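Got a structure for you, written out below as structure tokens; questions coming shortly.
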Amino acid sequence: MLQAGAGVPEDSPSSDSHTRLVTVFFGANDASLLEENPKQHVPLDEYRKNLQEIIEILRQRVPSAQILVVCETKILALQKERFKDKATGRPERTNEMAGKYAAAAEETAKELGFPSLNLWRLMQ
């Protein structure tokens with residue numbers, strides 16, 4: 001499993017694996033607003049590039065597996081506002097920004113020939 005930029009271990013699944021399906025589901029932190037959460041925000045172009053790289057690694061390591069890109073979900077801004085001593089009254093994530101990242105993931109999957117599940121659109 002790839003997680004939090006940890007990279008791909010040399011002993012990750014390969015073509016002799018029994019893996020039939022791999023889901024790629026990320027973007028919530030990447031879609032954080034730069035002004036409110038610069039530590040987790042990833043620019044949209046870089047997000048696309050990262051997604052392409054992850055899919056290519058999976059394609060090489062597990063060529064027999066199906067890859068499904070699961071897009072960002074709907075964001076409820078009121079649930080994402082900062083709180084306690086760091087309260088700003090402004091959300092660090094918005095539904096509008098999440099939609100941009102979901103669209104980017106969906107487009108990237110399509111360009112690479114893989115299916116996607118756009119949760120953001122389905123949850124509107």
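What follows is calculated from the coordinates using simple rules that are stated; it is not laboratory data. The model shown is predicted, which means the values in this text are computed figures rather than measured ones. Cβ sites come from the backbone with ideal geometry, for glycine too, and all protein chains shown count toward neighbours.
Hey, rough spin-label estimate for residue 76 and residue 96, points 7 angstrom out along Cα→Cβ, what's it come to in nanometres?
Label at residue 76, label at residue 96, 2.1 nm between them.
Estimate the FRET efficiency between residue 21 and residue 112 by the formula 1/(1 + (r/R0)^6), using the beta-carbon distance for r and 22 Å for R0, to the nearest 0.05.
According to the calculation, E is roughly 0.85.
How big is the Kirkwood radius of the range 21-122, worked out from every pair of different alpha carbons and given in Å to one decimal?
When all Cα pairs of the range 21-122 are included, the Kirkwood radius is 14.2 Å.
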